[in-house]
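Laboratory data are not the source of any read-out in this text; all were calculated from the coordinates shown. Because the structure is predicted, anything quoted here is derived from the model rather than measured. Heads up, the Cβs are rebuilt from the backbone with ideal geometry, glycines too, and the neighbour counts pull from every protein chain shown.
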Amino acid sequence: MNRIISKEHFSEKVFKLVIEAPLIAKSRKAGHFVIVRVGEKGERMPLTIAEADPVKGTITLVVQEVGLSSTRLCELKEGDYITDVVGPLGKATHIENFGTVVCAGGGVGVAPMLPIVQALKAAGNRVITVLAGRSKELIILKKEMRESSDEVVIMTDDGSYGRKGLVTEGIEDIIKREKVDKCFAIGPAIMMKFVCLLTKKYEIPTDVSLNTIMVDGTGMCGACRITVGGKTRFVCVDGPEFDGHQVDFDEMLKRMGAFKDIEREELHKLDHEEPAACQAEAAVDDDDRNAPWRVELRKAMKPKERTAIPRVKMNELEAGYRSHSRKEEVNLGLNEEQALTEAKRCLDCANPSCMQGCPVGINIPGFIKNIERGEFLEAARVLKKTSALPAVCGRVCPQEKQCESKCIHLKMNEPAVAIGYLERFAADYERESGQISIPELAPANGIKVAVVGSGPAGLSFAGDMAKKGYSVTVFEALHEIGGVLKYGIPEFRLPNKIVDVEIDNLTKMGVNFVKDCIIGKTIGVADLEAEGYKGIFVASGAGLPNFMNIPGENSINIMSSNEYLTRVNLMDAASEDSDTPICFGKRVAVIGGGNTAMDSVRTARRLGAERAMIIYRRSEAEMPARLEEVKHAKEEGVEFLTLHNPIEYIADEKGRVKQVVLQKMELGEPDASGRRSPVAIEGAIETIDIDMAIVSVGVSPNPIVPHSVEGLELGRKGTIAVDDDMRSSIPTLFAGGDIVRGGATVILAMGDGRRAAAAMDKQLTQA
């Protein structure tokens, strides 16, 4: 897979690559594109598919050396492997018999135009193709275009081939001599803009194919957003083709230049580069509350003695230091003495209310009492009976709102037992000991189940189904396993090495992981069923970021939290050896008050922001972020502008944001959620200087999977509708996490995965 079968040199900087990609070749249609990545530190780069051969299992890309990433790709040789090729993505070109169609291709835009020309001709159209380039060397695929077109017109800027002149001159000559019913244009953005200005004058409908800046490519980050007909659209899922008369090309051209200076500087990287635990035996299951050791442990201390012990305080990096350290974890964990002492605070209740607050049903007293008696590995084993990600949950779960909020200590006006800290301790101890246990697995039953997405819901489901004896395959759209755990949560909160150990444990349990595979695009749900998968769990995440749709919001250096965190976390853009660009704002405004907003503003602080601000329309008391995250942000120098709401962004002459206009708010009556609604204070307006804004106001469901399954019932906001067992309207398809909830914590998503696994197992074993 991803091997370069052949490489052809079209011109000095233009290459044709034929790549082995059988799944993409099988499902690709005219207009589709792929995301390509070269090297482990490479940038994710969108390229339109020029040709596909489903028999040979190959796709063809035509690439021009422009920046660092495209140059790396063009430097590969026949027989080399491309690190990642993901697709097909985007919507296919709408083809019908329009009549007479002009197809204008500029430079390498001729390549993606070829399959469109072929499809238009097959549909019965008269096709006139206009090929344009600066010189003869940049006119490509002439033979292929002549074979598929009724007429080919060639225009070169210097007159070295065909006619001298711009592409618009060639198109206008055709319009003046005969009736043109439709126009397609693909090429540089400036070329498409002027083609559209021309065809609009003659009232000829025109479709353009846009190749914008992308990071994710599946609808998650929002980097590719453009304005079409006055509304924000996302090229990767709504396009790449749009009505050219509705596209705001001026805005698009500015956004495409966002990283131009950075990319120019990064080309120097090419000058000096070289070519690219043992398992513990299962312990005896004696963690029942009535086990002799548990009874003796309870007798060892009186309840009053236990409640008199002060709650442990987490060891942390010093705020001044950590605010400049992007990858060092803020919380340092408990030492053995602290863990033993805190575990003694647990009363080992007969009816533990803490478990009622845990979405995955962890045996909380069971693992804590094992810590108290010094059996740390046993504590980890108890955790892994129900949780696939204990080290993750111990770090990022909102324990104060879930298990700890139900702790009996609170009824006695004492702080809750530090359940999250102890969970982290047990998981970390096991990892550091090298004696990592695997949960008990049922005998293999030979039944295949598929998981779409490798975030917390998918991983939790996969772990439970593996324990039950199923053959589990997880399909991930990105090049890394972990979903939001990798792209969304910064390493100063959740180090990647922690996630990797949890994933490795699932691999040892027999779970198979397939990266760079988009269900609904690369292969469909029907394909999975044809391959013998008896059940499918969709955990594809929330996807599309929400924006506020206020004036100036598409200015340069305004991005979603998804895009910002993906660049920094998944693509490691802040590192010198990464090819993915990132802007280092000095005055950064983060809009929102949730955990993702805190992650974004604390990341900005670590990337050098001198002024990092949270702008939130309610008061701090209504802020949904974890108290710990708010505390850490304040300690790290983050400003909180609560009761403020952005109403406009102001950009400089280059289209870069320079100010945000804020409306001051006050709290009114509670809304449907029970929180007091913010109300604008008339005339109270404030304008502050910024050079970057990060929007963190929620997400919408990723549309790829839901829209690819015929007959699938959707919720009002595009989520997958499920019953109490997480079963959709398709009996074999279950779903959970953000694709169902719209937005959820890690632990709630894991709870969905566990519930779906139990229900699917029951369904399959009764079949």
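Place a point 7 Å from the Cα of ASN351 along the Cα-to-Cβ direction; which residues of segment 408-436 have their backbone N under 20 Å from it?
In segment 408-436, the label zone of ASN351 (backbone N under 20 Å from the point 7 Å along Cα→Cβ) covers 408-413, 417.
For labels at ALA684 and HIS707 in the simple 7 Å Cα→Cβ model, what's the distance in nm?
4.1
Counting DSSP beta bridges in the chain, what percent are antiparallel, to the nearest 5?
Within the chain, antiparallel bridges account for around 50 percent of the total.
Can you list the lysines whose alpha carbon is less than 22 Å from that of LYS634, not counting same-chain residues fewer than 8 positions off?
Cross-link targets: LYS313, LYS327, LYS401, LYS586, LYS664.
As an exercise, use a Förster radius of 41 Å and the Cβ-Cβ distance of PHE194 and GLU8 to find the FRET efficiency, rounded to the nearest 0.05.
The formula returns an efficiency of 0.85 here.
Using all alpha carbons of segment 506-575, what is the percent of pairwise distances in each 5 Å bin, ordered from the shortest bin to the longest?
3, 10, 13, 17, 15, 14, 12, 8, 5, 3, 0
Count neighbours as other Cβ atoms within 10 Å of each site's Cβ, and list the GluC sites (Glu not before Pro) in segment 313-395 that are DSSP loop with at most 10 such neighbours.
Listed in order of number, the matching sites are GLU318.
Under 13 Å between C-alpha atoms is the cut-off here; go through segment 4-89 and count lysine pairs that meet it, provided they're at least eight residues apart or on different chains.
Lysine pairs meeting the criterion: 4.
Could you line up MET145, MET509 from fewest to most neighbouring Cβ atoms inside 10 Å?
Exposure proxy ranking, most exposed first: MET509, MET145.
If R₀ is 22 angstrom, what is the calculated FRET efficiency for the pair VAL66 and ASP158, using the beta carbon separation as r and rounding to 0.05?
E between VAL66 and ASP158, to the nearest 0.05, is 0.60.
Largest first and to the nearest Å, give the Cα extent of the chain along each principal axis.
98, 66, 53
Return, ordered by residue number, the residues of segment 484-511 whose backbone nitrogen is under 17 Å from a label point located 7 Å along Cα→Cβ of GLU328.
It comes to 491-496, nothing else.
Cut-off is 10 Å between beta-carbons; in what order do LYS182, LYS521 appear when sorted fewest neighbours first?
Lowest count first: LYS182, LYS521.
Would you work out the relative contact order for segment 292-433, in percent, from Cα pairs under 8 angstrom that are 6 or more residues apart?
Across segment 292-433, relative contact order equals 26 percent.
So if each residue of separation counts as 0.36 nm, and I subtract the Cα-Cα distance between ILE175 and GLU75, what length gain in nm does that give?
31.9 nm
Restricting the calculation to Cα positions, tell me the Rg (one decimal) and the Dmax (whole number) of segment 292-433 in Å.
When restricted to the Cα atoms of segment 292-433, Rg and Dmax are 14.9, 50 Å.
Can you give the FRET efficiency for GLU531 and LEU253, using 1/(1 + (r/R0)^6), R0 = 51 Å, r = Cβ-Cβ distance, to the nearest 0.05?
Approximately 0.70, to the nearest 0.05.
Using the 2.2 N^0.38 Å rule of thumb for compact globular proteins, work out how segment 558-695 stacks up: its C-alpha Rg over that value, please.
Ratio of Rg to 2.2 N^0.38 Å for segment 558-695: 1.08.
Quick one: 3J(HN,Hα) in Hz for segment 580-586, Karplus 6.51/-1.76/1.60 with θ = phi - 60°, rounded, Gly and Pro as x.
Working through the residues one at a time gives 7, x, 8, 8, 9, x, 9 Hz.
Using a basic spin-label model with each label point 7 Å from the Cα along Cα→Cβ, how many nm lie between ARG675 and ILE309?
Placing both labels 7 Å along Cα→Cβ, they lie 3.6 nm apart.
Fewest first, what order do GLU476, GLU636, GLU151 take by the number of other Cβ atoms within 10 Å?
GLU151, GLU636, GLU476
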